[in-house]
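I have placed the structure first, in the form of structure tokens, so that the comments after it can refer back to it.
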Amino acid sequence: MAATPWDSELARELKERFGDRIIETSTYLGQNFIVTKPDAAIPVLEYLKLEADFDYLVDVTAVDWPKRPERFDLVYIVYSFARNERVRIKTYLPEGFKPESSVGVHLTANWLEREVYDMFGIQFAGHPDLRRILMPDEWQGHPLRKDYSILRQDQTWVRENLEIESGQ
Amino acid sequence: MTPDATFLDSTELVLNMGPQHPSTHGVLRVILKLDGEKVLGTDCVLGYLHRGVEKIAENRTWAQFNPYVDRMDYVAAISNGLGYCLAVEKLLNLEVPGRAQAVRVILTELNRIGSHLLWLGTHALDIGAITPVFYCFREREATLNIFEKYCGARLTTHAFRVGGLQYETYEGFEKEVNEFCDMFLPKVDEYEELLTGNRIWIGRLKDVGILTGEECKEYGVTGPVLRAAGVKWDLRKAQPYSGYEKYEFDIPTCQNGDTYDRYMVRMQEMRQSVRIIRQAVASIPEGPIMGKAPKVIKPPVGEAYVSIEAPKGELGYYVVSDGSTQPYRVRVRPPSFINLQALDRMIAGGLVADVVAIIGTLDIVLGEVDR
């Protein structure tokens, strides 16, 4: 089963308004998602919030595809209380691309984007407080990247802060 | 001529709370900026319990990862397991038999009661009421005994499998669950007698840590915190899963969104859980407990986001499959982590003593915040 086009008023509205900045509107397993160009993600989020009642940002996350030219999927999940409907917004980012932060649209994004930065090294432009959140501040490397082995550690950090030699 | 400024001129004090502090419910470090007793701002330092659950998922098979999710919100391990199983079943497009669905609902609701009881006991303890914690743990023990008899484990239960259940219910399961319900409802009244009208309890909780419905939506706060602010939203009703649409229950809400209202909402929720459990027990269908799950789980290439109403709020799993036996990515949308973000807003202008009340009322589990 593959994703099928998402036929709805909202999808048409979005396409009309954003034109070719929206690459795809599809449905898979009954879940709707939109693929946008990287610079359109925030305007789409804003449009969905202000014009279509998608007022709750559920999650922001990323997926690493190292073999692809656009290495990362950046995924926003939004929900509308009024419509009882969920939509995913996806963009594909090349390594080093700095997407605009969505904190200006949804305050929830603050910690969520910090986590994405911490785990994937995606830097959000205009984020008010872009620090690591789960890993120590001085840690080197971004653990959820596919080229970061599960056994890898920041040996220097471990030696300096825990005063042990890592056995791994 | 004015004298040189001394340290006495500064009115701000930075106070470090945690990570080893009993009222942070785990290893949470909060840096507080104070002006006397008043809190001006907070900064949470997280990650002390970070185990890289999402990374582990990518290095296990779909089935092997199942027990790991129990270790996130270990107070409500069964909810975590249910969410994960539903997400993988969604990817596989798999139907779960009615019998398995009913047993899942019973165990999940028992677990919700257990989670709320642990919250109530420790929250009351934080505020200074010693007694409730003993009562709460006594009743929670009864739920744990049922889990133990069912699957052998009490805390991190790994009760469900992708496709249904591994174990049939034990002899006398229905009877024991019903007995628990009969025993439990009057106990909720007893807790309320201890706390609801208590002057100290009201004094410490009323109008403390107010979060309005609009603020909740801005911060993505869900669960009892959202409902206490008057938003009648519960995923079990809004987007029913595992057969919740078959059961009658109400969504308790309050209006003020303060710490006291969150307490009232959770007390009501325990009663509603009993209502659901009773209906589910009375109508467990006969039949198989496993759906047509493949022996080796290999979901087709694709992705799905599935979320459930966990005791703390919306617990979601964003799962991505590349068609192999291992998950390509499992993202957990942790309610505790996202609810904790609202701490700063809730505390602003409050007193140091309120910090303890507010951390307690958010009902966070650090295992889930840090994953």
- For helix B:259-282, report the angle its Cα long axis makes with the longest principal axis of the Cα atoms of chain B; keep it between 0 and 90° and round to the nearest 10°. 10
- Give the relative contact order (percent, whole number) for chain B; include only Cα pairs under 8 Å separated by 6+ residues. 27
- Task: Calculate, in whole percent, how much of the Cα-Cα pair population of region A:11-168 lies beyond 25 Å.
- Result: 36
- Query: Mind checking the dipole of the protein assembly as shown: about its Cα centre, +1 per Lys or Arg Cβ, -1 per Asp or Glu Cβ, Debye to the nearest 20?
  - Reply: 1380
- Per the Kirkwood formula over distinct C-alpha pairs, the hydrodynamic radius of region B:144-284 in angstrom is 17.3
- Item | Neighbourhood charge, 14 Å Cβ-Cβ cut-off, centred on residue B:207 and excluding it, Lys, Arg +1 and Asp, Glu -1 | 0
- In the calculated pair distance distribution of region B:290-346, what percentage of Cα-Cα distances lie above 15 Å? 61
- Query: Counting partner chain Cβ atoms within 10 Å of every residue's Cβ in B:87-98, what's the average?
  - Reply: 1
- Give, rounded to the nearest 20 debye, the magnitude of the charge dipole that chain A has about its Cα centre when Lys and Arg contribute +1 at Cβ and Asp and Glu contribute -1 at Cβ. 400
- Note on the structure: With the dipole of the protein assembly as shown defined by +1 on each Lys or Arg Cβ and -1 on each Asp or Glu Cβ, the option from B:290, B:142, B:347 whose Cα lies farthest towards the positive pole is B:290
- Item | 222 nm mean residue ellipticity, helices alone, for the protein assembly as shown (DSSP H n ≥ 4; -39,500 (n - 2.57); rounded to 500) | -12500 deg cm²/dmol
- For a footprinting-style exposure proxy, rank B:112, B:161, A:83, B:154 by other Cβ within 10 Å, fewest first. A:83, B:154, B:161, B:112
- Taking N as the residue count of region A:1-52, its alpha carbon Rg divided by 2.2 N^0.38 Å gives 1.09
- Message: Compute the orientation-averaged projected area for region B:1-151 from the convex hull of its Cα atoms and round it to one decimal in nm².
- Response: 14.2
- Just how far, in whole angstrom, is region B:97-113 from region B:15-87 if you go by their alpha carbon centroids? 25
- Note on the structure: Projected convex hull area of chain B, Cα atoms, direction-averaged, in nm², equals 20.6
- Note on the structure: Non-local residues with an amide H under 5 Å from the amide H of residue B:34, with H modelled 1.01 Å from N and Pro and chain starts lacking one, are B:13, B:14, B:15, B:40
- Reported to two decimal places, what Rg/Rh ratio describes the protein assembly as shown when computed on Cα atoms with Rh from the Kirkwood expression? 0.97
- Taking the Cβ of residue B:283 as the center, what net charge do the other residues with Cβ under 12 Å away carry, scoring Lys and Arg +1 and Asp and Glu -1? 0
- Query: In which sequence would A:91, A:25 go, from the one with the fewest C-beta neighbours within 10 Å to the one with the most?
  - Reply: A:25, A:91
- For B:42, B:143, what's the fewest-to-most ordering of other Cβ within 10 Å of each Cβ? B:42, B:143
- Message: Compute the helix-to-body angle for B:131-151: its Cα long axis versus the longest principal axis of chain B, expressed 0 to 90° and rounded to tens.
- Response: 20
- Query: For residue B:14, what charge total do you get from the other residues with a beta carbon under 14 Å from its beta carbon, if Lys and Arg give +1 and Asp and Glu give -1?
  - Reply: 0
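Read-outs: derived from the displayed coordinates by stated rules, not from any lab. Bear in mind that the values here come from a model prediction, so they are computed numbers and not experimental data. We place every Cβ from the backbone using ideal geometry, glycine too, and count neighbours over all the protein chains shown.
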